[in-house]
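K.L.:
One structure coming up, written as structure tokens, with questions to follow.
The values are calculated or read from the model by the stated rules, or taken from the named source; none is laboratory data. Fair warning: this is a prediction, and the values are worked out from it, not measured in the lab. Neighbour counts run over all protein chains shown; Cβ positions are idealised from the backbone, glycine included. The area values use the complete protein model at the heavy-atom level, side chains included, leaving out ligands, DNA and RNA. Shrake-Rupley method; radii C 1.70, N 1.55, O 1.52, S 1.80 Å.
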Amino acid sequence: MVKSTNFSQQANQKIIRREEESADPPFEETYKKLFDEIRIGKATSKMRNYQNLFVVEECELPLIDLELLKGREFEREECKKKIAQASQEWGFFQVVNHGISQDVLLKMRKEQMKLFKKPFHEKMNDKQLNFSAGSYRWGTPSATCLQQLSWSEAFHVPLTDISNSIHHPTTLSSTMEQFATTVSELAHNLARILSERMGYKSKYFRETCLPHTCYVRMNRYPACPISPQVFGLMPHTDSDFLTILHQDEIGGLQLVRDGKWICVKPNPEALIINIGDLFQAWSNGVYKSVEHRVVTNKAKERFSTAFFLCPSYDTEIRSCFEPSVYKRFTFREFRQQVQEDVKKYGYKVGLPRFLVSTH
């Protein structure tokens, strides 16, 4: 009897050690009730229809060569026209010759992979990173069904955390600083071009989107044994002005085009740009914030790094011309509404909450 008890204790200790040493978050343990529905065969026809959503065709986003912005006047204007057109028709596009060196992007990916390979419990409690509390995130705390679960982990880091970490530099912090500085400048340049195409020359984005309001997000999507029944990142739109994404070759990013989900073909030379909710509101609906998601992969993990161009919480978002489609709102009010909806419904409603009443 004593031997049996000792054996049981040893087995439990091995399980605990394995969990402590694993890099993957404990998805199946934490969301056990959701996964049990599949294991005991409670998957409904709704779940089967949900799985069919992942059967989508692959496409290439509009590709824009930013080198043309350094060319002759007609080349510059043609390039700006393409940027605005893609933002109106797709809400997504990709850019090459963007000014961020492949060396910086490769170093960023290498450091990111090293960071995510740390044991899960270290990532949860690593004070040496000097990131703000709550920067490390995983799963979906509010999930009540598998459709609401995101099989991913991330470090969501304000630019000020990155610049402050230079006082105690590491290879990770110096690489993040290089990445953030160059990508931030690209985001501001694109925002300026898009606002000028609306006939609105202003320092608005420079004055409202500051280092303490913008973020870099490092994402990892672990291989998922029950793919495709779980999203890597559930369908959503971005709560910012612009997002700039560098993804690996695995793929998995999908977006809505003409009412259908399409899969974005990875391009190792390009960065992906997408319009956020705030730019759609500011442009009075001219530029489109498009719903997108990430699907999981059974065999391979996926990495990406995103930059979010965000304003301060007190910044008022209002359409740049009248009559306005949207009510005026502060970024704080928008975020609070999103959080309330996620808590109540399990998903973000977003801009429809701020439409001007037609009654």
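K.L.:
If you go through the stretch 292-317 one residue at a time, how many are loosely packed, with under 15 Cβ neighbours inside 10 Å, part of a loop (DSSP other than H, G, I, E, B) and in contact with a strand residue (DSSP E or B) (Cβ under 8 Å, 6 or more places away or on another chain)?
P.N.:
Selection size over the stretch 292-317: 2.
K.L.:
A follow-up question, please. Among the residues that make up the stretch 150-157, is at least one of them open to solvent by 10 Å² or more (accessible area, probe 1.4 Å), under 29 Å from Glu291 (Cβ atoms), acidic (Asp, Glu) and not in a loop (DSSP other than H, G, I, E, B)?
P.N.:
For the stretch 150-157, residues open to solvent by 10 Å² or more (accessible area, probe 1.4 Å), under 29 Å from Glu291 (Cβ atoms), acidic (Asp, Glu) and not in a loop (DSSP other than H, G, I, E, B): absent.
K.L.:
When you scan the stretch 54-100, how many residues do you find that are outside any strand (DSSP E or B), modelled with pLDDT under 95 and open to solvent by 80 Å² or more (accessible area, probe 1.4 Å)?
P.N.:
2
K.L.:
Another question, then. Output the residue which, of all residues in the stretch 318-340 that are of a type in the set (S, T, N, Q) and not in a loop (DSSP other than H, G, I, E, B), is nearest to Ser142 (Cα to Cα). Please lay out each step first, then the result.
P.N.:
Residues of the stretch 318-340 of a type in the set (S, T, N, Q): 319, 324, 330, 336-337, 339.
Among the residues that remain, those that are also not in a loop (DSSP other than H, G, I, E, B) are: 330, 336-337, 339.
Values: Thr330: 25, Gln336: 15, Gln337: 15, Gln339: 10 Å.
The extreme case among them is Gln339.
K.L.:
Taking the conditions exactly as written (under 15 Å from the mean Cα position of the chain (by Cα), surrounded by 22 or more Cβ atoms within 10 Å (Cβ to Cβ) and acidic (Asp, Glu)), does Asp240 satisfy them or not? Talk me through it step by step, then tell me what you get.
P.N.:
Values: under 15 Å from the mean Cα position of the chain (by Cα): yes; surrounded by 22 or more Cβ atoms within 10 Å (Cβ to Cβ): yes; acidic (Asp, Glu): yes.
So Asp240 fits the description; yes.
K.L.:
Tally the residues that are part of a strand (DSSP E or B) and among the hydrophobic types (A, V, I, L, M, F, W, C), restricting the search to the stretch 245-291.
P.N.:
Taking the stretch 245-291 and keeping what is part of a strand (DSSP E or B), we get 245-247, 253-257, 260-264, 271-275.
Keeping just the survivors that are among the hydrophobic types (A, V, I, L, M, F, W, C) gives 245, 253, 255-256, 261-264, 271-273, 275.
Of the residues in the stretch 245-291, 12 are part of a strand (DSSP E or B) and among the hydrophobic types (A, V, I, L, M, F, W, C).
K.L.:
Determine the pairs where a residue that is on the phi < 0 side of the Ramachandran plot and surrounded by 14 or more Cβ atoms within 10 Å (Cβ to Cβ), located within the stretch 339-359, has a partner that is of a type in the set (Phe, Trp, Tyr) and not in a loop (DSSP other than H, G, I, E, B) with Cβ atoms under 7 Å apart, the partner being 6 or more residues away or on another chain.
P.N.:
Matching pairs, first to second residue: Leu351/Tyr326; Phe354/Tyr326; Phe354/Phe329.
K.L.:
Here's another thing I want to ask about it. Restricting attention to the stretch 258-289, and to residues there that are more than 22 Å from Leu194 (Cβ to Cβ) and in contact (Cβ under 8 Å) with a residue 12 or more places away in the chain, which single residue is most open to solvent (accessible area, probe 1.4 Å)?
P.N.:
Only one residue fits best here, namely Lys260.
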